[in-house]
Structure formats: structure tokens, C-alpha cells
1. Please indicate, with yes or no, whether at least one residue in the stretch 214-225 is among the aromatic types (Phe, Trp, Tyr), out of contact with any Ser or Thr (no Cβ under 8 Å at 6 or more places or on another chain) and assigned to a helix (DSSP H, G or I).
2. Scan the stretch 201-213 for residues that are of a type in the set (Lys, Arg) and either touching a Ser or Thr at 6+ places or on another chain (Cβ under 9 Å) or in contact (Cβ under 8 Å) with a residue 60 or more places away in the chain (or both) and report the count.
3. Just one of (1) assigned to a strand (DSSP E or B); (2) surrounded by fewer than 18 Cβ atoms within 10 Å (Cβ to Cβ) trips up Gln170, so point out which.
4. State whether one or more residues within the stretch 356-364 are more than 30 Å from Lys230 (Cα to Cα), surrounded by 15 or more Cβ atoms within 10 Å (Cβ to Cβ) and modelled with pLDDT of 75 or more.
5. Which of (1) in contact with a helix residue (DSSP H, G or I) (Cβ under 7 Å, 6 or more places away or on another chain); (2) without any contact (Cβ under 8 Å) to a residue 12 or more places away in the chain; (3) not polar (S, T, N, Q) is the odd one out, the single condition Lys198 does not satisfy?
6. What number goes with the only condition from (1) out of contact with any strand residue (DSSP E or B) (no Cβ under 8 Å at 6 or more places or on another chain); (2) at positive phi that Asn315 does not pass?
7. Say whether the condition of being surrounded by fewer than 18 Cβ atoms within 10 Å (Cβ to Cβ) and either within 19 Å of the chain's Cα centre (by Cα) or in a loop (DSSP other than H, G, I, E, B) (or both) is met by at least one residue in the stretch 150-167.
Amino acid sequence: MVSNNNSVFSIFQSYILLTTSTIYIVLSLLSYKLKLIKEDSFFKKLRGVMEWSGPVYIKYGQMMASRANFQNKNTVFKKILLQFSYLEDGVRLSNRVQNKELDQLNNIQEINNFTDNILGSGSIASVYSIEYKNKPAVVKLVHPEILSKIKLGTVLLKSQLKFFSLFNKQLKKTSKFIDFKGMKNSVVKQCCMKNETKSIIRMRNIFENDNVVKIPKVYKAEHNYLILSKENGFKFYDFIEKYDDYDYEAVASLYYSIVKMLEARFFHIDLHLGNFLFKLVNDEVKLILLDFGIVKEINRDQAKVLHKIINFKINKELREEESIKFFWMISNDKIELEEFNRNVKEYKKTSKLNFQNVLDFFNNNNIVISYENTLLVNSISFVLELVDSSFDNTDGFKSYLAGYLIEKF
């Protein structure tokens, strides 16, 4: 009887939270449209709703905000989506949640010392600076009550997408491609630090004795926390501002890392500015990769297409075509490359191969791209955008990159 009462209360609570959240978003949006509140104030309110709604809600928004995965002409809607990408720099915690995390840290016996200051806080976990067995270290601590947040966020996301799709055709169309089940399962998997430990160990093997890329060392792993070596460095733009003569090398080191991961057919698929650092050691740039909660193995055929995509010597038009083909290819992980190429050849007889046409094709055929495959595309696109911007803004980068790769490999 108690269990049934709890279930009814949980459903009632979810309904109240859903209604309150939706009304709050609508009223904030109307106030913004009517110029009753300033843009900064509106987006601040919106980011608050996003943070409160939990990891599934945030991960969805970050995925949709990616330029490689979402194209939309509505300027206001674009700005709304961009608020999700800003959360990559950190998610604010309530005092109640942070106090619970500090209590958890106090109960870990091997930790000698820690500060109240959070080094970083994402949608799933916080990172604190600590001493572990008298060595500088960091602990990645899963947020308390995270599974409840995931459950609530999933309900909020699905319900609000249905509601807001009534007013936005582009949102309605793109929502059909979302792998909600895969996204939720992936987020739940990320909540277990022992899963991330396996990924870190494998990635350390790939970059073992590497002179460019450094992967943190695992000191201890439990279900809800992970203790790692402390790696100091600068975020990308801070690094090139401090060491402006090393901008070529910083971008080249990041490109080198995805080439190496491609060779191993094992990818970090959550690459963004918050998940890597740079430092200068003996006049050489070192890249530190962080946060291995989401990784993915790729098959040989996928690797062949990706090799073409990341080849910096090809022109942008050819790369875009190969990227579209890869995006289409991963809609069916089991398809053979020869069969896929035949499908593309037949398709091109009647339709132009561009992202919008392929998205329409997916929509008409009810094709859903898996969540992890979408992140794979986004991560590679992110690195290639940095590389392309270096080609556009600096003379001679292509020659530098070619020489860098020859030297490092």
C-alpha cells in the first residue's frame, strides 16, 4: 500500500513540476517577445530551467545546439538552443546539493584534504580538488539523487517537445530523429564511474608513451565517485591567449588525437571546449583529454569513411558530401560499405545529396539516428571546425599540420 501511495505521489509530483516548468517557460518567452524583460534576463531564466531539469534535458539541448546536427532559420530559437551549449562550461548547483556532496567527500577515508571550491560541475557529476594518499588529485562525484533527475528530465523533455512542436515545425521535424531511449540509457550508464574507469584505461593504452596526448590516471573507482590524477592546463582560448605563438600546435595536437583514436577505432564522443586542456612543457604543446563518460567503438567501414572526412587536404565540398554519407551510414550500423555506396548512387539519381534532403529522407522513412552516433558526428565536426578556422585565418597552417603529423607519427 505504501509503495502504491509513493507511486501516485511521484506521478502527481511529476505532473506539477511539468506544468509549472512549462508555464514558466511560456510566460518568460512571452515577456521576452513583448520586451517586458531584457534578453540577458530571459536567457538567465531559461538556463535556470535547463539546469534544474536534469541531465537528459541538458544533453538533448546540447546535441540540438550543435551546428552539425541542427539547422534552423529562426534566430530566437537558435539563441535558445545556444543556451544549452553554454552549460558545457558548468552547471550551477543548489546549496543543498553541494552540501550533500561535501558530506559524501567527508566519508571517503582515503581523501586527506579537499576544498569547498568546485573545479567543474556538469549535468551528471562535480569535480573537486583533493589530496589522495598525500598526492594531489581530483575526485569526480556523481550528483546525489541523479537517477530521479534523469527520470524527471525525460518526462519533462518528451512532454514539452510535444507541446512546443505545435508552434514550431522545425522542432517537430527534428524531434522525430531523437533516440530518447538511447539517450536515457547512455546518461544512466555515465552515472556509474566504474564504466568510465574502463574507458579511461583503454584510452590510456591507446596513448601509452605518447609524446603529445596525456590521459589522467585512475587512483580509485567506486560506483558514485572516481579519483584521478590531477592534470593542470588551460582551456583552448585561454591557452592561445597566453601562448599566442603556439596556436598552430594546439590545434594540430587536437587533430592528431582524433587521428590516433580513429586508428584505434575507439572514440571520445563528447569533445567540446570543456573536455580538454593544454599545457606547455619544454616548448612543446601537450594535450590533456578529460571526461570519458561517453566513448564509442567504430567498425572498419565507418573508419574508412571517417578517414576521408578528417583528411584536411580535401576541399570543403567533398568533405561535406562525405560527412552527409557518414551521417546516413550510421543510421544503420550493420550495413556493408558496398551496399551503402549503391544506395547513395541510386539516391543521387533523383535527389541532391545535402543535409536537408537526407533529413527529409530520414523523416519520411522514420529513421532514427542513435544518440551515441549523433555525438560521434558532433565531436568530429567540432574538431574539424577548429581546424578549418585555422586554415581560413592563418597562412601556412595546412603545411604546418602536414609536417606536424609526419613528425608525430
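The values are calculated or read from the model by the stated rules, or taken from the named source; none is laboratory data. Note that this is a predicted model, so its numbers are computed, not measured. For neighbour counting, all protein chains shown are included, and Cβ atoms are generated from backbone atoms with ideal geometry for every residue, glycine included.
1. No, every residue in the stretch 214-225 fails to be among the aromatic types (Phe, Trp, Tyr), out of contact with any Ser or Thr (no Cβ under 8 Å at 6 or more places or on another chain) and assigned to a helix (DSSP H, G or I).
2. 1
3. (1) is the only condition that Gln170 fails.
4. Looking through the stretch 356-364, none of the residues is more than 30 Å from Lys230 (Cα to Cα), surrounded by 15 or more Cβ atoms within 10 Å (Cβ to Cβ) and modelled with pLDDT of 75 or more.
5. (1)
6. (2)
7. yes
Residue-wise test of (1) assigned to a helix (DSSP H, G or I); (2) closer than 30 Å to Val127 by Cβ; (3) within 25 Å of the chain's Cα centre (by Cα); (4) modelled with pLDDT of 60 or more.
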| residue | (1), (2), (3), (4) |
| --- | --- |
| Leu36 | no, no, no, yes |
| Phe43 | yes, yes, yes, yes |
| Val49 | yes, yes, yes, yes |
| Tyr57 | yes, yes, yes, yes |
| Tyr60 | yes, yes, yes, yes |
| Asn72 | no, no, yes, no |
| Glu101 | yes, yes, yes, yes |
